[in-house]
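Below is one structure, written out as structure tokens; the observations come after it.
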Amino acid sequence: MEKKRNRKPNWTEEQGLLLAQLVNEHKGMLRGKFGPTVTSQGKRRAWDTISQTINASFPLVVRTGDDCEKRWYVLQSKAKDEISAHKRESSLTGGGPPAKRLSQVADTVFQVLGLSEVSVTGLPTGIDTSMMQALEMQQRLPPEPSAAATQDSPADQTPFPSEAPAPSASLQERR
């Protein structure tokens, strides 16, 4: 007969918040690219340090470094969902109640991840085509008369002061 695996209790909100705060403290090691200073052994030691801190704060349940790492990825996923829902709700029109605030865990995860990994922000060298169209339209329009020109009499104003027609050849001959 197979041995039944004993499950650990679920992570509490406080344990998740502490985990997110500890990952934020160690994010240079945990989220850094591999290189001379960031190694897989260094990352493993960081997760073990985080698990020791969590076990010291919550001694009833013993968590391993692997448990903490797995829970971190679950927290990331849930926080990304919560952040995207918050952005979607806050951009709605039509009034109504304001969007719910992010939970402490989601806010801490957002600090660790940064803005670029939470949503699509566009290409860094991309061009906003709608803005380009607006600028082109603005350049095509004639300039608006200045405030000083509007105080003159209407007879002295030309419809487009900067584009006044040049005198014709016949007008020049009369002078």
Inset, instruction - Test ASN24 against the criterion of being of a type outside the set (Lys, Arg), loosely packed, with under 12 Cβ neighbours inside 10 Å and at pLDDT 90 or above, and give yes or no. - result: no
Inset, instruction - Would you be able to say whether some residue in the range 123-143 is under 30 Å from GLU25 (Cβ atoms), open to solvent by 90 Å² or more (accessible area, probe 1.4 Å) and at pLDDT below 75? - result: yes
Inset, instruction - For the range 46-59, name all the residues that are touching a residue at least 12 places away in the same chain (Cβ under 8 Å) and of a type outside the set (Phe, Trp, Tyr). - result: ALA46, ASP48, THR49, ILE50, SER51, THR53, ILE54, SER57
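Conditions (1) hydroxyl-bearing (Ser, Thr, Tyr); (2) over 20 Å from GLN104 (Cβ atoms), marked per residue:
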{"position": "ASN6", "(1), (2)": "no, yes"}
{"position": "ASN10", "(1), (2)": "no, no"}
{"position": "GLN15", "(1), (2)": "no, no"}
{"position": "GLY32", "(1), (2)": "no, yes"}
{"position": "PRO36", "(1), (2)": "no, yes"}
{"position": "THR39", "(1), (2)": "yes, yes"}
{"position": "ALA46", "(1), (2)": "no, yes"}
{"position": "PRO59", "(1), (2)": "no, yes"}
Inset, instruction - Just give me the residues in the range 27-76 being assigned to a loop (DSSP other than H, G, I, E, B) and open to solvent by 50 Å² or more (accessible area, probe 1.4 Å), in sequence order. - result: ARG31, LYS33, PHE34, PRO36, THR37, PHE58, PRO59, LEU60, VAL62, THR64
Legend entry - Of all residues in the range 1-15 being farther than 16 Å from GLY65 by Cβ and touching a residue at least 12 places away in the same chain (Cβ under 8 Å), the one that is least open to solvent (accessible area, probe 1.4 Å): THR12
Inset, instruction - Quick one: in the range 83-101, of everything that is in a helix (DSSP H, G or I) and among the small types (Gly, Ala, Ser), which residue is surrounded by the fewest Cβ atoms within 10 Å (Cβ to Cβ)? - result: SER90
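The values are calculated or read from the model by the stated rules, or taken from the named source; none is laboratory data. Predicted, not measured: the structure shown is a model, and the values here were computed from it. We place every Cβ from the backbone using ideal geometry, glycine too, and count neighbours over all the protein chains shown. Please note that ligands, DNA and RNA were not included when accessible areas were found on the heavy atoms of the full protein model with its side chains. Shrake-Rupley method; radii C 1.70, N 1.55, O 1.52, S 1.80 Å.
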